[in-house]
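Inspection log for the structure reproduced underneath, given as C-alpha coordinates.
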Amino acid sequence: YVAAVYEHESILSPSPAALVERRSALELMGRNLDIYEQQVLAAARQGAQIIVFPEDGIHGFNFTRSSIYPYLDFVPHSHSGKWNPCREPCLFNDTEVVQRLSCMALKNKIFLVANLGTKQPCEHTDPRCPADGRYQFNTNVAFGADGTLLATYRKHNLYFEYAFDTTPEPDYAFFDTPFAGKVGMFTCFDILFFEPAVNLIRQYNLKQIVYPTAWMNQLPLLSAVEFQQAFATAFNVNILAANIHHPTLGMTGSGIYTPVKSFIYHDMESYGGKLIVAEIPVITADCKTNLESNVRFRENLHDSCRTFTSTSLDDEVCSKEHEDTPGRVSGKGKEQSPPSFYAEMMYDNFTFVPVWGEKGELQVCANTLCCHLNYWRAVLTDELYALGVFDGLHTVHGTYYVQACALVKCGGLSFSTCGQEVTDATALIDFQLWGNMSTPYIFPLLLTSGITLDFADHMGWKNNHYFLSKNRTSSGLLTAALYGRWYEKD
(Lines give C-alpha, C1' and ligand atoms only; values in the text may rest on other atoms or scores of the structure.)
Protein backbone atom coordinates (compact mmCIF):
# COMPACT_ATOMS: atom_id res chain seq x y z
CA TYR A 1 0.00 0.00 0.00
CA VAL A 2 1.07 3.61 -0.39
CA ALA A 3 1.52 5.54 2.85
CA ALA A 4 2.41 9.13 3.65
CA VAL A 5 3.70 10.86 6.78
CA TYR A 6 4.22 14.58 7.17
CA GLU A 7 6.88 16.09 9.41
CA HIS A 8 5.28 19.42 10.26
CA GLU A 9 6.93 22.61 11.42
CA SER A 10 3.98 23.86 13.40
CA ILE A 11 3.06 27.49 13.74
CA LEU A 12 3.28 27.97 17.51
CA SER A 13 1.54 30.34 19.85
CA PRO A 14 4.02 33.09 20.83
CA SER A 15 2.79 32.87 24.43
CA PRO A 16 1.24 29.46 25.13
CA ALA A 17 0.64 30.19 28.82
CA ALA A 18 -1.57 33.20 28.02
CA LEU A 19 -5.34 32.78 28.20
CA VAL A 20 -7.03 33.39 24.83
CA GLU A 21 -10.52 33.19 23.35
CA ARG A 22 -11.65 30.14 21.41
CA ARG A 23 -11.76 32.37 18.32
CA SER A 24 -8.04 33.19 18.37
CA ALA A 25 -7.16 29.58 19.26
CA LEU A 26 -9.07 28.47 16.17
CA GLU A 27 -7.29 31.09 14.09
CA LEU A 28 -3.86 29.75 15.09
CA MET A 29 -4.90 26.12 14.59
CA GLY A 30 -6.45 27.07 11.25
CA ARG A 31 -3.06 28.18 9.96
CA ASN A 32 -1.61 24.76 10.77
CA LEU A 33 -4.65 23.04 9.26
CA ASP A 34 -4.16 25.05 6.04
CA ILE A 35 -0.74 23.41 5.72
CA TYR A 36 -2.22 19.98 6.51
CA GLU A 37 -4.75 20.52 3.75
CA GLN A 38 -2.02 21.19 1.16
CA GLN A 39 -0.11 18.10 2.27
CA VAL A 40 -3.16 15.81 2.14
CA LEU A 41 -3.75 16.96 -1.43
CA ALA A 42 -0.08 16.42 -2.35
CA ALA A 43 -0.07 12.94 -0.78
CA ALA A 44 -3.31 11.93 -2.48
CA ARG A 45 -1.91 13.04 -5.84
CA GLN A 46 1.03 10.68 -5.24
CA GLY A 47 -1.37 7.81 -4.68
CA ALA A 48 -1.23 7.70 -0.86
CA GLN A 49 -4.04 5.74 0.78
CA ILE A 50 -3.28 6.95 4.30
CA ILE A 51 -1.52 9.99 5.77
CA VAL A 52 -0.26 10.55 9.32
CA PHE A 53 0.42 13.91 11.00
CA PRO A 54 2.53 14.52 14.14
CA GLU A 55 1.70 14.97 17.80
CA ASP A 56 1.04 18.60 18.83
CA GLY A 57 1.10 19.63 15.17
CA ILE A 58 -2.16 21.57 15.25
CA HIS A 59 -1.97 23.41 18.58
CA GLY A 60 1.71 23.31 19.60
CA PHE A 61 2.96 22.81 23.15
CA ASN A 62 4.05 24.34 26.49
CA PHE A 63 0.49 25.16 27.57
CA THR A 64 -0.87 25.15 31.09
CA ARG A 65 -4.01 23.24 31.92
CA SER A 66 -6.15 26.37 31.64
CA SER A 67 -4.35 28.02 28.71
CA ILE A 68 -4.85 24.99 26.44
CA TYR A 69 -8.59 24.85 27.10
CA PRO A 70 -9.65 27.12 24.16
CA TYR A 71 -7.66 24.83 21.81
CA LEU A 72 -9.54 21.69 22.79
CA ASP A 73 -12.20 20.04 20.62
CA PHE A 74 -14.94 17.81 21.95
CA VAL A 75 -14.55 14.33 20.50
CA PRO A 76 -16.75 11.47 21.66
CA HIS A 77 -14.60 8.49 22.59
CA SER A 78 -14.71 6.04 19.69
CA HIS A 79 -17.14 3.57 21.25
CA SER A 80 -20.07 5.93 20.81
CA GLY A 81 -20.96 4.89 17.27
CA LYS A 82 -20.25 6.17 13.78
CA TRP A 83 -19.91 9.88 13.27
CA ASN A 84 -18.85 11.79 10.18
CA PRO A 85 -17.90 15.29 11.37
CA CYS A 86 -17.69 16.66 7.82
CA ARG A 87 -21.22 15.53 6.95
CA GLU A 88 -22.72 16.04 10.44
CA PRO A 89 -21.02 19.20 11.70
CA CYS A 90 -23.79 20.16 14.15
CA LEU A 91 -23.91 16.95 16.18
CA PHE A 92 -21.63 18.32 18.92
CA ASN A 93 -20.28 21.72 19.95
CA ASP A 94 -16.59 22.67 19.65
CA THR A 95 -15.67 20.29 16.84
CA GLU A 96 -14.21 22.74 14.31
CA VAL A 97 -10.82 21.00 14.14
CA VAL A 98 -12.18 17.47 13.70
CA GLN A 99 -14.61 18.76 11.08
CA ARG A 100 -11.74 20.12 9.01
CA LEU A 101 -9.73 16.93 9.34
CA SER A 102 -12.78 14.83 8.43
CA CYS A 103 -13.39 16.97 5.34
CA MET A 104 -9.74 16.64 4.24
CA ALA A 105 -10.08 12.86 4.37
CA LEU A 106 -13.41 12.91 2.54
CA LYS A 107 -12.36 15.40 -0.14
CA ASN A 108 -9.17 13.49 -0.96
CA LYS A 109 -10.60 9.99 -0.36
CA ILE A 110 -7.73 9.16 1.97
CA PHE A 111 -7.44 7.67 5.47
CA LEU A 112 -6.10 10.37 7.79
CA VAL A 113 -4.58 10.25 11.28
CA ALA A 114 -3.93 13.42 13.28
CA ASN A 115 -3.32 14.48 16.87
CA LEU A 116 -5.22 17.18 18.75
CA GLY A 117 -6.27 18.19 22.24
CA THR A 118 -9.71 17.04 23.37
CA LYS A 119 -11.98 17.68 26.33
CA GLN A 120 -14.56 15.58 28.09
CA PRO A 121 -16.82 16.80 30.90
CA CYS A 122 -16.93 14.68 34.05
CA GLU A 123 -19.12 14.50 37.14
CA HIS A 124 -17.79 15.40 40.56
CA THR A 125 -19.10 12.02 41.67
CA ASP A 126 -16.28 10.54 39.54
CA PRO A 127 -13.38 10.27 42.04
CA ARG A 128 -10.86 10.94 39.26
CA CYS A 129 -12.65 14.01 37.89
CA PRO A 130 -10.30 17.03 38.00
CA ALA A 131 -11.36 20.06 40.04
CA ASP A 132 -12.34 22.03 36.92
CA GLY A 133 -14.92 19.36 36.00
CA ARG A 134 -13.35 18.10 32.81
CA TYR A 135 -10.77 15.71 31.46
CA GLN A 136 -8.26 17.00 28.92
CA PHE A 137 -6.59 14.43 26.68
CA ASN A 138 -3.77 14.30 24.16
CA THR A 139 -5.75 12.50 21.44
CA ASN A 140 -5.18 10.83 18.08
CA VAL A 141 -8.10 10.63 15.67
CA ALA A 142 -8.34 8.34 12.64
CA PHE A 143 -10.71 9.05 9.76
CA GLY A 144 -11.76 6.79 6.91
CA ALA A 145 -11.61 7.84 3.26
CA ASP A 146 -15.27 8.93 3.55
CA GLY A 147 -14.54 11.23 6.51
CA THR A 148 -15.98 8.92 9.17
CA LEU A 149 -14.31 9.01 12.58
CA LEU A 150 -13.03 5.43 12.90
CA ALA A 151 -11.06 5.48 16.15
CA THR A 152 -9.71 7.73 18.87
CA TYR A 153 -6.69 7.12 21.07
CA ARG A 154 -5.93 9.09 24.23
CA LYS A 155 -2.24 9.14 25.12
CA HIS A 156 -1.45 7.07 28.19
CA ASN A 157 2.21 7.83 28.89
CA LEU A 158 2.40 11.59 29.14
CA TYR A 159 5.81 13.27 28.88
CA PHE A 160 5.69 16.28 31.22
CA GLU A 161 2.39 17.37 29.69
CA TYR A 162 0.78 19.26 32.54
CA ALA A 163 -2.11 20.42 30.36
CA PHE A 164 -3.36 16.85 29.89
CA ASP A 165 -4.81 14.04 31.98
CA THR A 166 -3.79 10.40 31.90
CA THR A 167 -6.51 7.94 30.96
CA PRO A 168 -7.66 5.75 33.88
CA GLU A 169 -7.12 2.66 31.72
CA PRO A 170 -5.00 2.46 28.58
CA ASP A 171 -6.91 2.73 25.29
CA TYR A 172 -6.31 -0.06 22.77
CA ALA A 173 -7.04 1.77 19.55
CA PHE A 174 -7.07 0.36 16.04
CA PHE A 175 -9.14 0.69 12.88
CA ASP A 176 -9.76 -1.35 9.75
CA THR A 177 -8.50 -0.44 6.30
CA PRO A 178 -9.28 -2.14 2.97
CA PHE A 179 -5.62 -1.94 1.90
CA ALA A 180 -3.66 -3.08 4.97
CA GLY A 181 -6.08 -4.71 7.40
CA LYS A 182 -6.05 -3.55 11.04
CA VAL A 183 -3.96 -0.50 11.92
CA GLY A 184 -3.09 0.29 15.55
CA MET A 185 -2.14 3.64 17.03
CA PHE A 186 -0.33 5.14 19.98
CA THR A 187 1.66 8.33 20.61
CA CYS A 188 5.26 9.40 21.21
CA PHE A 189 6.45 8.34 24.72
CA ASP A 190 4.06 5.35 24.63
CA ILE A 191 6.60 3.54 22.43
CA LEU A 192 8.87 2.93 25.44
CA PHE A 193 6.24 1.17 27.58
CA PHE A 194 4.35 -2.10 27.68
CA GLU A 195 0.97 -0.40 28.04
CA PRO A 196 -0.61 0.16 25.68
CA ALA A 197 1.89 -0.21 22.80
CA VAL A 198 3.23 -3.73 23.27
CA ASN A 199 0.00 -5.12 24.66
CA LEU A 200 -1.98 -3.64 21.76
CA ILE A 201 0.28 -5.26 19.16
CA ARG A 202 0.32 -8.64 20.89
CA GLN A 203 -3.33 -8.81 21.87
CA TYR A 204 -4.70 -7.88 18.45
CA ASN A 205 -1.83 -9.28 16.38
CA LEU A 206 -1.34 -5.94 14.65
CA LYS A 207 1.14 -5.50 11.80
CA GLN A 208 0.62 -1.83 10.89
CA ILE A 209 1.08 1.05 13.33
CA VAL A 210 0.45 4.78 12.94
CA TYR A 211 2.52 6.88 15.28
CA PRO A 212 2.17 10.64 15.79
CA THR A 213 5.09 11.92 17.85
CA ALA A 214 6.79 15.09 19.08
CA TRP A 215 10.16 13.51 19.83
CA MET A 216 13.25 15.31 21.04
CA ASN A 217 16.23 13.40 19.77
CA GLN A 218 18.62 12.02 22.31
CA LEU A 219 21.75 10.34 21.06
CA PRO A 220 23.30 7.85 21.12
CA LEU A 221 20.38 5.48 21.90
CA LEU A 222 17.12 7.40 21.47
CA SER A 223 17.15 9.40 18.28
CA ALA A 224 13.72 9.29 16.65
CA VAL A 225 14.51 7.42 13.44
CA GLU A 226 16.83 5.00 15.24
CA PHE A 227 14.22 3.89 17.77
CA GLN A 228 11.30 3.92 15.33
CA GLN A 229 13.26 1.55 13.08
CA ALA A 230 14.26 -0.67 16.00
CA PHE A 231 10.62 -0.96 17.06
CA ALA A 232 9.51 -1.97 13.57
CA THR A 233 12.28 -4.59 13.48
CA ALA A 234 11.64 -5.96 16.97
CA PHE A 235 7.91 -6.43 16.47
CA ASN A 236 7.97 -7.17 12.75
CA VAL A 237 5.53 -4.37 12.00
CA ASN A 238 5.25 -1.45 9.62
CA ILE A 239 5.31 1.94 11.35
CA LEU A 240 4.14 5.23 9.88
CA ALA A 241 5.82 7.76 12.17
CA ALA A 242 5.21 11.50 11.87
CA ASN A 243 7.37 13.77 14.02
CA ILE A 244 7.21 17.50 14.49
CA HIS A 245 9.98 19.63 12.92
CA HIS A 246 11.60 22.07 15.34
CA PRO A 247 15.39 21.62 15.00
CA THR A 248 16.11 24.27 17.66
CA LEU A 249 14.31 21.97 20.13
CA GLY A 250 16.07 18.87 18.78
CA MET A 251 12.86 17.71 17.12
CA THR A 252 13.05 15.97 13.76
CA GLY A 253 12.96 12.41 12.51
CA SER A 254 10.01 10.82 10.72
CA GLY A 255 9.66 7.84 8.49
CA ILE A 256 7.83 4.94 6.96
CA TYR A 257 9.42 1.77 8.32
CA THR A 258 9.22 -1.88 7.48
CA PRO A 259 11.25 -4.49 9.40
CA VAL A 260 13.83 -4.51 6.59
CA LYS A 261 13.66 -1.11 4.90
CA SER A 262 13.08 2.53 5.84
CA PHE A 263 12.13 5.77 4.17
CA ILE A 264 13.27 8.41 6.62
CA TYR A 265 13.72 12.12 7.09
CA HIS A 266 16.06 13.60 9.70
CA ASP A 267 17.20 17.17 9.20
CA MET A 268 18.54 19.46 11.91
CA GLU A 269 19.61 22.17 9.45
CA SER A 270 16.64 23.28 7.38
CA TYR A 271 13.24 24.68 8.20
CA GLY A 272 9.79 23.82 6.92
CA GLY A 273 7.92 20.54 6.72
CA LYS A 274 8.61 17.37 4.78
CA LEU A 275 6.20 14.93 3.14
CA ILE A 276 7.36 11.32 2.80
CA VAL A 277 5.40 8.99 0.52
CA ALA A 278 6.38 5.36 0.07
CA GLU A 279 4.95 2.07 -1.10
CA ILE A 280 5.41 -0.72 1.43
CA PRO A 281 4.33 -4.35 1.63
CA VAL A 282 1.43 -5.37 3.82
CA ILE A 283 2.76 -7.64 6.56
CA THR A 284 0.27 -10.43 7.09
CA ALA A 285 -0.81 -11.39 10.57
CA ASP A 286 0.58 -14.92 10.39
CA CYS A 287 4.16 -13.62 10.30
CA LYS A 288 5.77 -14.15 13.69
CA THR A 289 7.54 -11.26 15.38
CA ASN A 290 11.27 -11.44 15.98
CA LEU A 291 10.43 -11.62 19.65
CA GLU A 292 8.39 -14.76 19.22
CA SER A 293 10.40 -16.58 16.64
CA ASN A 294 13.94 -17.57 15.91
CA VAL A 295 13.07 -19.02 12.53
CA ARG A 296 14.63 -16.25 10.52
CA PHE A 297 17.73 -16.52 12.65
CA ARG A 298 17.97 -20.29 12.25
CA GLU A 299 17.78 -19.98 8.49
CA ASN A 300 20.59 -17.44 8.55
CA LEU A 301 22.75 -19.10 11.15
CA HIS A 302 24.83 -20.97 8.62
CA ASP A 303 25.52 -17.77 6.71
CA SER A 304 26.43 -15.81 9.78
CA CYS A 305 28.92 -18.49 10.73
CA ARG A 306 30.43 -18.44 7.31
CA THR A 307 30.58 -14.70 6.82
CA PHE A 308 31.74 -13.46 10.20
CA THR A 309 35.44 -12.73 10.33
CA SER A 310 36.44 -14.02 13.73
CA THR A 311 37.09 -17.76 13.84
CA SER A 312 36.85 -18.04 17.59
CA LEU A 313 33.26 -16.83 17.46
CA ASP A 314 32.34 -19.31 14.73
CA ASP A 315 33.52 -22.16 16.90
CA GLU A 316 31.67 -20.92 19.94
CA VAL A 317 28.32 -19.80 18.55
CA CYS A 318 27.98 -22.23 15.69
CA SER A 319 29.55 -25.47 16.79
CA LYS A 320 29.08 -25.67 20.53
CA GLU A 321 25.42 -26.12 21.31
CA HIS A 322 26.00 -26.37 25.08
CA GLU A 323 25.65 -23.52 27.56
CA ASP A 324 29.07 -21.96 27.08
CA THR A 325 29.02 -18.19 26.85
CA PRO A 326 29.63 -17.61 23.15
CA GLY A 327 32.93 -15.96 22.33
CA ARG A 328 34.45 -16.27 25.78
CA VAL A 329 37.65 -14.27 25.91
CA SER A 330 40.66 -16.52 25.37
CA GLY A 331 43.56 -16.67 27.81
CA LYS A 332 45.67 -14.51 25.55
CA GLY A 333 43.01 -11.77 25.47
CA LYS A 334 42.74 -11.68 29.25
CA GLU A 335 46.36 -10.65 29.79
CA GLN A 336 45.86 -7.47 27.83
CA SER A 337 42.19 -6.80 28.47
CA PRO A 338 41.60 -3.04 28.32
CA PRO A 339 40.58 -1.12 31.46
CA SER A 340 36.93 -0.66 32.29
CA PHE A 341 35.69 2.82 33.19
CA TYR A 342 32.43 4.61 34.02
CA ALA A 343 30.81 7.37 32.02
CA GLU A 344 27.35 8.88 31.84
CA MET A 345 25.28 8.05 28.78
CA MET A 346 21.60 9.00 28.43
CA TYR A 347 21.74 10.10 32.12
CA ASP A 348 22.66 6.54 33.14
CA ASN A 349 25.96 5.38 34.61
CA PHE A 350 27.35 2.95 32.03
CA THR A 351 30.34 0.68 32.55
CA PHE A 352 32.56 0.82 29.45
CA VAL A 353 35.63 -0.81 27.98
CA PRO A 354 37.51 0.92 25.15
CA VAL A 355 37.52 -0.69 21.72
CA TRP A 356 41.18 -0.48 20.71
CA GLY A 357 43.16 -1.83 17.78
CA GLU A 358 42.04 -3.37 14.54
CA LYS A 359 40.35 -6.43 16.02
CA GLY A 360 39.55 -8.08 19.31
CA GLU A 361 37.09 -9.67 21.70
CA LEU A 362 35.68 -7.75 24.63
CA GLN A 363 33.36 -8.34 27.53
CA VAL A 364 31.85 -5.91 30.03
CA CYS A 365 29.31 -6.72 32.77
CA ALA A 366 26.92 -4.95 35.16
CA ASN A 367 24.53 -6.71 37.57
CA THR A 368 23.37 -9.85 35.75
CA LEU A 369 24.06 -8.54 32.25
CA CYS A 370 27.26 -9.31 30.35
CA CYS A 371 27.85 -7.79 26.91
CA HIS A 372 30.30 -9.30 24.44
CA LEU A 373 31.79 -7.86 21.29
CA ASN A 374 33.91 -9.32 18.51
CA TYR A 375 35.13 -6.66 16.12
CA TRP A 376 37.39 -6.11 13.16
CA ARG A 377 38.18 -2.99 11.17
CA ALA A 378 40.23 -2.83 7.99
CA VAL A 379 41.30 0.76 8.53
CA LEU A 380 42.14 2.21 11.92
CA THR A 381 40.80 5.75 12.29
CA ASP A 382 41.59 8.34 14.90
CA GLU A 383 38.29 7.75 16.72
CA LEU A 384 37.61 6.25 20.12
CA TYR A 385 34.87 3.62 20.41
CA ALA A 386 33.70 1.90 23.57
CA LEU A 387 31.52 -1.03 24.54
CA GLY A 388 29.11 -0.12 27.33
CA VAL A 389 26.69 -1.96 29.58
CA PHE A 390 23.81 -0.71 31.73
CA ASP A 391 21.37 -2.87 33.69
CA GLY A 392 19.15 -0.75 35.90
CA LEU A 393 16.33 1.69 36.39
CA HIS A 394 16.52 4.78 34.21
CA THR A 395 15.14 7.70 36.25
CA VAL A 396 15.61 10.94 34.27
CA HIS A 397 12.72 12.18 32.05
CA GLY A 398 10.71 9.10 32.89
CA THR A 399 11.25 5.98 34.95
CA TYR A 400 11.78 2.65 33.20
CA TYR A 401 14.09 -0.35 33.45
CA VAL A 402 16.74 -0.72 30.76
CA GLN A 403 19.18 -3.49 29.91
CA ALA A 404 21.58 -2.18 27.27
CA CYS A 405 24.68 -3.40 25.47
CA ALA A 406 26.03 -0.59 23.31
CA LEU A 407 28.98 -0.09 20.99
CA VAL A 408 29.26 3.69 20.60
CA LYS A 409 31.58 6.25 19.11
CA CYS A 410 32.86 8.57 21.85
CA GLY A 411 32.73 12.35 21.56
CA GLY A 412 36.51 12.70 21.66
CA LEU A 413 39.59 10.65 22.52
CA SER A 414 39.27 10.66 26.29
CA PHE A 415 37.16 8.13 28.21
CA SER A 416 35.01 10.89 29.71
CA THR A 417 33.61 11.67 26.24
CA CYS A 418 32.05 8.23 25.82
CA GLY A 419 28.28 8.50 25.91
CA GLN A 420 28.20 12.00 24.44
CA GLU A 421 25.97 12.91 21.50
CA VAL A 422 27.88 12.32 18.27
CA THR A 423 26.46 12.69 14.76
CA ASP A 424 29.39 11.87 12.46
CA ALA A 425 31.81 8.97 12.22
CA THR A 426 34.15 7.43 9.65
CA ALA A 427 35.08 4.03 11.12
CA LEU A 428 33.68 1.02 9.28
CA ILE A 429 33.52 -1.87 11.74
CA ASP A 430 32.58 -5.52 11.29
CA PHE A 431 31.11 -6.71 14.55
CA GLN A 432 29.08 -9.26 16.41
CA LEU A 433 27.52 -7.94 19.60
CA TRP A 434 25.65 -10.11 22.08
CA GLY A 435 24.40 -10.19 25.64
CA ASN A 436 22.61 -12.49 28.08
CA MET A 437 19.53 -10.28 28.21
CA SER A 438 16.85 -11.11 30.82
CA THR A 439 13.96 -9.69 28.79
CA PRO A 440 12.62 -10.82 25.41
CA TYR A 441 11.99 -7.18 24.43
CA ILE A 442 15.19 -6.21 22.65
CA PHE A 443 15.33 -3.24 20.28
CA PRO A 444 18.27 -3.58 17.87
CA LEU A 445 19.79 -0.14 17.19
CA LEU A 446 22.11 0.48 14.25
CA LEU A 447 22.84 4.12 13.54
CA THR A 448 25.44 5.43 11.09
CA SER A 449 27.09 8.75 10.30
CA GLY A 450 24.81 11.71 9.65
CA ILE A 451 21.95 10.02 11.55
CA THR A 452 21.32 7.43 8.85
CA LEU A 453 20.12 3.88 9.40
CA ASP A 454 21.66 0.54 8.60
CA PHE A 455 20.35 -2.98 8.96
CA ALA A 456 21.97 -5.89 10.73
CA ASP A 457 23.04 -8.90 8.66
CA HIS A 458 21.81 -11.22 11.39
CA MET A 459 20.13 -10.97 14.76
CA GLY A 460 18.25 -13.23 17.09
CA TRP A 461 18.49 -15.50 20.10
CA LYS A 462 21.11 -18.20 20.53
CA ASN A 463 21.84 -20.06 23.79
CA ASN A 464 19.99 -17.45 25.87
CA HIS A 465 21.97 -14.63 24.29
CA TYR A 466 20.57 -12.05 21.90
CA PHE A 467 22.99 -11.04 19.18
CA LEU A 468 23.37 -8.55 16.36
CA SER A 469 25.99 -8.85 13.64
CA LYS A 470 27.04 -6.68 10.74
CA ASN A 471 29.78 -6.94 8.15
CA ARG A 472 30.80 -3.42 7.24
CA THR A 473 28.27 -0.68 7.89
CA SER A 474 27.24 1.46 4.92
CA SER A 475 28.94 4.49 6.51
CA GLY A 476 30.79 5.32 9.74
CA LEU A 477 29.34 3.61 12.79
CA LEU A 478 27.72 5.79 15.46
CA THR A 479 25.79 3.25 17.54
CA ALA A 480 25.23 -0.50 17.48
CA ALA A 481 23.20 -1.51 20.49
CA LEU A 482 20.85 -3.99 22.05
CA TYR A 483 18.36 -1.84 23.93
CA GLY A 484 16.37 -4.12 26.19
CA ARG A 485 13.25 -3.02 28.04
CA TRP A 486 12.51 -5.07 31.14
CA TYR A 487 8.93 -3.87 31.61
CA GLU A 488 8.19 -5.92 34.74
CA LYS A 489 10.90 -4.03 36.65
CA ASP A 490 9.67 -0.52 35.80
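The values are calculated or read from the model by the stated rules, or taken from the named source; none is laboratory data. Please read all numbers here as calculations on a predicted model, not as lab measurements. Cβ sites come from the backbone with ideal geometry, for glycine too, and all protein chains shown count toward neighbours. When the accessible area is computed, the model is the full protein with side chains, heavy atoms only, and any ligands, DNA or RNA have been set aside. Shrake-Rupley method; radii C 1.70, N 1.55, O 1.52, S 1.80 Å.
Miscellaneous remarks
- Checking Ser304, Ser270, Ser293 one by one, the residue that is at pLDDT below 55, assigned to a loop (DSSP other than H, G, I, E, B) and open to solvent by less than 70 Å² (accessible area, probe 1.4 Å) is Ser293 and no other.
- So Leu407, is it closer than 11 Å to Phe352 by Cβ, crowded, with 21+ Cβ neighbours inside 10 Å and out of contact with any Phe, Trp or Tyr (no Cβ under 6 Å at 6 or more places or on another chain): yes
- Apart from one condition, Ser78 fits all of (1) under 31 Å from the mean Cα position of the chain (by Cα); (2) open to solvent by less than 40 Å² (accessible area, probe 1.4 Å); (3) at pLDDT 95 or above; the exception is (3).
- Output for segment 430-444, where each listed residue is over 20 Å from Glu488 (Cα atoms) and either of a type in the set (A, V, I, L, M, F, W, C) or surrounded by fewer than 18 Cβ atoms within 10 Å (Cβ to Cβ) (or both): Phe431, Leu433, Trp434
- From the list Lys107, Lys119, the lone residue that is in a strand (DSSP E or B), of a type outside the set (Gly, Ala, Ser) and open to solvent by 10 Å² or more (accessible area, probe 1.4 Å) is Lys119.
- Identity of the residue in segment 455-490, surrounded by fewer than 21 Cβ atoms within 10 Å (Cβ to Cβ) and basic (Lys, Arg), that ends up farthest from Thr381 (Cα to Cα): Lys489
- The residue list Ile256, Ile264, Ile283 contains one member that is part of a strand (DSSP E or B) and open to solvent by 10 Å² or more (accessible area, probe 1.4 Å), which is Ile264.
- Unmet requirement for Thr125, which otherwise passes all of (1) in contact with a strand residue (DSSP E or B) (Cβ under 9 Å, 6 or more places away or on another chain); (2) more than 28 Å from Trp215 (Cα to Cα); (3) open to solvent by 20 Å² or more (accessible area, probe 1.4 Å): (1)
- Flag for Asp73 being crowded, with 22+ Cβ neighbours inside 10 Å and acidic (Asp, Glu): yes
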